[in-house]
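Quick note: the coordinates plus some simple rules give every number you see, no bench work behind them. A quick note: this is a predicted structure, and the numbers were derived from the prediction, not measured. Heads up, the Cβs are rebuilt from the backbone with ideal geometry, glycines too, and the neighbour counts pull from every protein chain shown.
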Amino acid sequence: MRGLRAVMMAIGSVACSVALAQDSGVLNIGNRIEPFVDNYLIDSMNGVSLKMAEPVAREIVLRFDRPWEGRHCGYITVVKDEPMYRLYYRGLGVDGGDGTDAEFTCYAESVDGIRFTKPALGLFEFGGSKDNNIVLAKTAPFSHNFAPFIDTRPGVAAEERYKALAGIEKSGLCLFVSPDGLHWRKFREEPVITKGAFDSQNVGFWSESEQCYVCYFRTWVEGGYSGYRTISRTTSPDLLNWTVPERMTFGDVPMEHLYVNQTGPYFRAPHLYVSLAARFMQGRRVVPAEAAASIGAAPDGTADCSDTVLMTTRGGTRYDRTFMESFVRPGIGLSNWVTRTNYAANGVVPSGNAEMSFYVERDYGLPTACLQRMTLRTDGFASIHAPFSGGECRTKPLEFAGNQLVFNYSTSSSGSIAVEVQNPDGTPVPGYGRADAQELVGDAIERAFVWKDKADVSELVGKPVRLVFIMKDADLYSIRFRE
């Protein structure tokens, strides 16, 4: 317990606060990357709109075809630990073995996030052999939903660099630690979080912006297992002492069953937590029961359908459901419309200079169960989108640090983006008006904006300003004031 005691001594009983809560005053964005995935920065839009991206379906990166894996593999986590991508998932080689020693925690790895292998680790025996990729066994019920993360809190002991939360309602969530993500031990026998249903993947991480540990986990709206499946949140200074859980809110939108929440800090903007949640349409049958056998499913395996939705939060107890539409639709083929499929893995990871990847389960409960990679442009969960007819977007008053305003943007050959800097009252700042702005045309992940051969904005640091984006046939994915 040496490492976590050090955490407690360093942090003490300091309450975790929400450092980035929205208010009606000036937003201080410093030199952070701010993706346009919600309305956090936006004051008004005229002729433009927030547009959710369409992820691109790529290759199948993993097939769950080993005897200890089976068609009910799930609760998947992907972490980037330079230079490796590490992937964890539940193996369940028999039907009806949930919460028993028939479940295993399995591991795969990759050097590029595309080609994953299942190493023969030799850690645990299955069927008389240790030639397998099992990293946790015979610890029921914890392999049911084992959810690892890399503890990025400064000063974490090397032997506890990897953490995991796992458990069900009866056991509570217990804490596991590991030096390398392969050799795991339970930190203590007693659970660290006890109030929740936990009948899903329950994810935790160290929040740089909130300066505490955060856990998002499964609860039910009406308590017990009644009403809608939903998400609650608790925080901790030390991973041992947690606040009273609070149920997340979603704004003025219809309630829906949310199965896995897959909430975590975006790797380029860790103050923004991105959730690739599973929307579960209970009782909505698309595959006729009589057709279930033709795709290898039991009749009750086709009684529901599901997809992936995009949500965000910046701390606190509110998700922004800016987009109610599906982020990842099930797609063509009956196998995509069976129960509990199309769930995203926990983790969005960089996979190229201008690309990021996440992963989605396909064909859950079928002999063809597998994991598919999906890609997005870097920062490209959504964008401010302007049609050919053009339009403008004005930000709320903000302050920044840095000497250049850089854009992640894309235009057509006839499109463009320009920016005017205004005082909070809407008057242009001399030298930074639209008449001074040099239009951006092209496509770049990071490009500095220029006003009449001047890109330096350091004279405006510490002064509240608004930005007005003047756009035509273009998308603006994120901005940043760069040092």
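Given +1 at the Cβ of Lys and Arg, -1 at the Cβ of Asp and Glu and no other charges, the dipole of the chain around its Cα centre is 440 debye to the nearest 20.
Annotation note: trypsin sites (Lys or Arg not before Pro) in the stretch 55-136 located in DSSP loop regions with a Cβ neighbour count of at most 14 within 10 Å are Arg115, Lys130. Fewest-first ordering of Lys472, Lys51 by other beta carbons within 10 Å of each residue's beta carbon gives Lys51, Lys472.
Of the residues Tyr85, Ala108, Gly122, the one whose Cα sits farthest toward the positive end of the charge dipole of the stretch 27-154, with +1 on the Cβ of Lys and Arg and -1 on the Cβ of Asp and Glu, is Gly122. Helical runs assigned H by DSSP (4 residues or longer) give the chain a calculated mean residue ellipticity at 222 nm of -500 deg cm²/dmol, each run adding -39500 (n - 2.57) before division by the residue total. Positive end of the dipole of the stretch 240-390 (Cβ unit charges, origin at the Cα centre): among Gly365, Thr249, Trp337, the Cα lying farthest that way belongs to Thr249. For the chain, the longest principal axis of the Cα atoms and the long axis of helix 2-11 meet at an angle of about 30 degrees. With semi-axes defined as the square roots of five times the eigenvalues of the C-alpha gyration tensor, the equivalent ellipsoid of the stretch 59-377 measures 26, 24, 20 Å, largest first. Computed over neighbours whose Cβ is under 12 Å from that of Ser178, the net charge equals 0, Lys and Arg +1, Asp and Glu -1. Counting every other Cβ atom within 10 Å of each residue's Cβ, Lys396, Lys452 order from fewest to most as Lys452, Lys396.
A simple spin-label model places pseudo-atoms 7 Å from Cα toward Cβ; at Arg115 and Asp252 they are separated by 5.3 nm.
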